[in-house]
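To start, the structure itself, in structure tokens.
Bear in mind these aren't lab numbers, they're just calculated from the coordinates by the rules spelled out. Bear in mind that the values here come from a model prediction, so they are computed numbers and not experimental data. Quick reminder, even Gly has a Cβ in these numbers, built from the backbone with ideal geometry, and neighbours come from all protein chains shown.
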Amino acid sequence: MGANADCDLELAYRRFSLALTSPLETAAGSIDAREGFLVRIVDGTDTASPTAGYGEATPLPGWTEPIEDCEAALDRAERALAGGGPEDALEAVAGNGAARHGVSLALADLQATRQATPLYRYIGQGPMIGRVPANATIGDGPPDETAHQAAAAVQRGFDCCKLKAGRRSVEADIDRVRRTREVVGPDVELRVDANEAWTFEEAARALDAVADLGVSILEQPLPAGALAGHADLRERAAGTVSIALDEGVLEHGVDAICEAQAADAAILKPMALGGIDIARKIAAWFAELGVTPLVTTTIDGVVARTGAVHLAAAIPNVPACGLATGELLAEDLGRDPVLFESGAAVVPQAKGLGVEGVWQE
Ligand SMILES: O=C(O)CCC(=O)c1ccccc1C(=O)O
Ligand SMILES: [Mg+2]
């Protein structure tokens with residue numbers, strides 16, 4: 001594809017590092033900082049008041065390409081956009097989840113901004129949405145700390161908490177959930193995410209216990225490869241607890257998961273899937289086949305987090321999503337346009353993403 005005569009798009013990116021206030025403990029390891037690239041695409045033909053779009057490429061080990069590959073892909077995209085157009089830039093980052101996320105988000109933000117449309121309406125063509133429900137994210141800490149953090153989240157207005165699990169024995173995790181249920185009471189939704197930690201026998205024990213504790217979703221109890229195992233857990237749960245796949249979504253894709261009847265819900269991480277455009281199509285496909293799509297960040301900066309909020313707003317009737325992760329960061333790329341009120345993210349209604357002031361010269 002040749003250069004587009006109507007526009008002269010220029011891509012630039014810069015590296016950042018954001019510390020977490022305290023490490024997020026998970027069964028797959030501890031996350032203590034997030035390093036990535038802020039992406040900007042400017043239309044150079046608009047010399048009077050240049051329009052810009054912003055994206056973020058924040059790789060996470062085990063979930064996306066390594067940061068070196070991400071940088072190399074962004075470098076290719078910069079040259080592809082200068083010598084060609086948007087399609088060439090997207091082709092240059094294909095297969096690199098984080099890099100494609102950054103470039104596609106910057107392009108979508110630019111286009112939605114030009115059309116004076118909030119990003120979620122630009123990508124979804126759907127109705128106006130005021131808020132999307134969100135869960136609080138609670139790390140895999142000791143029982144007291146877990147219960148205390150959940151109680152504090154409820155104090156801040158959340159009515160859904162997702163507890164990370166799987167670093168301890170199943171019995172210790174059941175104790176963590178029991179203590180948490182005791183302090184938050186019966187009306188708060190509790191979910192458990194084991195990040196692939198358990199054997200089938202362990203997962204079955206955990207499932208029976210968390211069912212009695214009123215847990216709504218058990219996320220990725222078994223390794224990603226275990227499609228039949230998750231299908232067996234679904235049968236065992238018999239509708240009491242929903243089984244969600246997260247790592248398994250990346251490994252198997254929509255059709256294999258639905259065919260195996262391995263999930264009630266699917267966790268979609270736009271950073272890992274390659275962008276909110278791709279994630280939105282996957283969400284619609286899952287929904288069509290009766291699996292409930294959910295959105296979560298990978299503990300990203302404000303640009304990617306806000307992109308995830310727009311994605312969630314483009315999914316009809318989305319349940320509580322893992323969007324409230326900005327509070328885990330000690331620093332950010334700029335001011336957060338998303339407020340949380342009564343456990344819901346207030347969706348920005350300004351044009352584009354609605355993120356401003358992230359690219360100081
Ligand atoms: O869903 C949430 O509440 C926040 C996101 C989250 O838990 C997460 C963040 C980074 C990497 C993996 C995961 C996960 O869901 O497994
Ligand atoms: Mg998960």
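For the reader, a short list of remarks on this structure follows.
- Ellipsoid semi-axes in whole angstrom, largest first, where each is sqrt(5λ) of the Cα gyration tensor of the range 259-361: 26, 13, 13
- Estimated D of the range 131-346 in µm² per second, where Rh is the Kirkwood radius over Cα pairs and Stokes-Einstein applies at 4 °C, 1.567 mPa s: 75 µm²/s
- The chain, relative contact order in percent, only Cα pairs under 8 angstrom and at least six apart counted: 19 percent
- Close amide-amide hydrogen proximity is noted between SER242 and ILE217, LEU218, each under 5 Å apart and 5 or more residues distant or on a separate chain (H modeled in the peptide plane; Pro and chain starts excluded).
- Along each principal axis, Cα extent of the range 9-121, largest first, Å: 48, 26, 23
- The range 120-168, relative contact order in percent, only Cα pairs under 8 angstrom and at least six apart counted: 40 percent
- Pairwise centroid distance, computed over Cα atoms, of the range 52-104 with the range 275-311, Å: 18 Å
- Length added when fully stretched, GLU10-PHE200, from 0.36 nm per residue minus Cα-Cα: 63.3 nm
- The Cα center of the range 119-145 and the Cα center of the range 157-210 differ in position by 20 Å.
- Inter-site label distance for ALA151 and SER169 at 7 Å from Cα along Cβ, in nm: 2.6 nm
- Put simply, the amide H of PHE158, placed in the peptide plane, has neighbours under 5 Å in GLY343, leaving out anything fewer than 5 places away on its chain.
- Placed amide H near CYS321: partners under 5 Å, 5+ positions off or other chain: ALA134, ASN135
- Between GLU327 and ALA116, the contour length at 0.36 nm per residue exceeds the alpha carbon distance by 73.0 nm.
- Ordering of 125-131, 312-318, 301-307 by packing [mean C-beta count within 10 Å, highest first]: 301-307, 312-318, 125-131
- GluC sites (Glu not before Pro) within the range 82-179: DSSP coil, no more than 14 neighbouring Cβ in 10 Å: none
- Calculated translational diffusion coefficient of the chain (20 °C, 1.002 mPa s; Stokes-Einstein with Kirkwood radius over alpha-carbon pairs) equals 104 µm²/s.
- Of LYS164/LYS281; LYS162/LYS269; LYS281/LYS351, pairs whose Cα-Cα distance is over 25 Å: LYS164/LYS281
- Helix axis angle, 227-237 relative to the chain longest principal axis, alpha carbon, degrees: 50 degrees
- Scoring 30-37, 273-280 by mean Cβ neighbours within 10 Å over their residues and listing the highest first yields 273-280, 30-37.
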